[in-house]
Amino acid sequence: MILEATNITKHFGGLKAVNGVDLRIVPASIHSIIGPNGAGKTTLFNLITGAITPAAGTVMFDGVDITGWSPERLAKIGLARTFQRTSVFRNLSVLENIALAIRSREGLSRSIWQSVRSEEAIAAEAMEILGRVRLRGYENSKAGALAHGYQRALDIAIGLALKPKLILMDEPLAGMSRGDRETVAALITSLRSALGVTIVVVEHDVSMVMRLSDRITVMQHGQVIADAPPAEIRDNEAVRKAYLHGSFAT
Ligand SMILES: Nc1ncnc2c1ncn2[C@@H]1O[C@H](COP(=O)(O)OP(=O)(O)O)[C@@H](O)[C@H]1O
Ligand SMILES: [Mg+2]
């Protein structure tokens, strides 16, 4: 397992936002986390990625106990995330956004005898990343002027600039048109095959999740109610019950 969370728990007052969650992620897999609004998915991401500290439980990443580590320290050992709301700097160009992320990675790992790389070298790496997320040609556009789908691709590019082994994406397809969702989903699949990066996704579009994922964890009321490959999740009675209004029709 590249990530193994055991008994992760966080309560907000009387609310059991995440309550004894276990999560096991196979290396180089696409693993989705689904569940109704308020199920605790984002909180679980926050607990794994160091935004908040669990009250109980442990998180192992690549054999290291990372429980309670800061996001900066996690980025250094290859664990990155994207956010539910886009985190791009809207007034900077696409290229500048990636260059900033690369510099922040180098700032994390640089030792005193390494010199800072040239602007040209950083721009070249940024262009390579932009190629991977199919944003070449947009490098000089202002990030804030990009269409929504392209902004999500830029979010993913910023995550990739940290050279992660594992990247957690919180609703990368949210608010996008059908066509854009297909594009970003294809992008996620291609990143896994091209880079071998492990991808953990929170996503609402269940039919997309079914096609995209190797394995799916379903949360409800802060707990895991199912954890299985897509075909088994589709047939799971508890999961069907958790989704009202027929939104689980695939
Ligand atoms: N910082 C916080 N303080 C208090 N309650 C919170 C906080 N963050 C999340 N919650 C609550 O925890 C529950 C789980 O939220 P969240 O993890 O965002 O769910 P999801 O991402 O599955 O929609 C919700 O009831 C939410 O209102
Ligand atoms: Mg959420």
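As an exercise: evaluate VAL18 against (1) of a type outside the set (Lys, Arg); (2) within 15 Å of ligand 1 (Cβ to nearest atom); (3) touching a residue at least 24 places away in the same chain (Cβ under 8 Å); (4) at positive phi and give the number of the one condition it does not meet. (4) is the only condition that VAL18 fails.
Residues are listed down the side, and each one gets a yes or a no for (1) away from ligand 2 (no atom under 16 Å from the Cβ); (2) surrounded by 21 or more Cβ atoms within 10 Å (Cβ to Cβ); (3) more than 19 Å from PRO172 (Cβ to Cβ):
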site: LYS10; (1), (2), (3): no, yes, yes
site: ARG24; (1), (2), (3): yes, no, yes
site: ASN37; (1), (2), (3): no, no, no
site: LEU47; (1), (2), (3): no, yes, yes
site: THR58; (1), (2), (3): yes, no, yes
site: ASP65; (1), (2), (3): yes, no, yes
site: ALA75; (1), (2), (3): yes, yes, no
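Is region 66-83 home to any residue that is on the phi > 0 side of the Ramachandran plot and of a type in the set (Asp, Glu)? Within region 66-83 (the criterion being on the phi > 0 side of the Ramachandran plot and of a type in the set (Asp, Glu)), the answer is no, since none of the residues qualifies.
Scanning region 179-216 for residues that are open to solvent by 20 Å² or more (accessible area, probe 1.4 Å), among the small types (Gly, Ala, Ser) and more than 14 Å from VAL133 (Cα to Cα) yields GLY179, GLY196, SER207.
Which is over 12 Å from the mean Cα position of the chain (by Cα) and not in a loop (DSSP other than H, G, I, E, B), of THR58, THR67, THR53, THR42?
Residue meeting the stated conditions: THR58.
Among the conditions (1) assigned to a helix (DSSP H, G or I); (2) in the same structural domain as ASP214 (by TED's automatic domain parsing); (3) modelled with pLDDT under 95, ASN37 misses just one, which is (1).
Pairs linking a residue in region 26-55 that is at positive phi to a residue that is within 9 Å of ligand 1 (Cβ to nearest atom) and not in a strand (DSSP E or B), with Cβ atoms under 7 Å and 6 or more positions apart or on different chains, are GLY35/LYS41; GLY40/GLY222. Residue selection: GLY149 satisfies the criterion of being closer than 30 Å to ALA121 by Cα and away from ligand 2 (no atom under 16 Å from the Cβ).
Suppose the filter is surrounded by 22 or more Cβ atoms within 10 Å (Cβ to Cβ) and either within 22 Å of GLY131 (Cβ to Cβ) or of a type in the set (A, V, I, L, M) (or both); does ILE225 pass it? Steps first, answer last, please.
Details: surrounded by 22 or more Cβ atoms within 10 Å (Cβ to Cβ): no; either within 22 Å of GLY131 (Cβ to Cβ) or of a type in the set (A, V, I, L, M) (or both): yes.
No, not satisfied.
Kindly indicate whether any position in region 132-142 is over 20 Å from the mean Cα position of the chain (by Cα), at pLDDT 95 or above, more than 24 Å from VAL209 (Cβ to Cβ) and not in a loop (DSSP other than H, G, I, E, B). Yes.
Within the set GLU237, GLU232, GLU171, the sole residue that is in contact (Cβ under 8 Å) with a residue 24 or more places away in the chain and either within 16 Å of ligand 2 (Cβ to nearest atom) or open to solvent by 20 Å² or more (accessible area, probe 1.4 Å) (or both) turns out to be GLU171. Checked against the criteria, ILE48 does not count as away from ligand 1 (no atom under 13 Å from the Cβ) and either farther than 25 Å from ALA194 by Cβ or not small (Gly, Ala, Ser) (or both).
The values are calculated or read from the model by the stated rules, or taken from the named source; none is laboratory data. In this text, all values refer to a predicted model and were calculated from it rather than measured experimentally. Here the Cβ is made from the backbone with ideal geometry for all residues, glycine too, and neighbour counts use every protein chain on show. The area values use the complete protein model at the heavy-atom level, side chains included, leaving out ligands, DNA and RNA. Shrake-Rupley method; radii C 1.70, N 1.55, O 1.52, S 1.80 Å.
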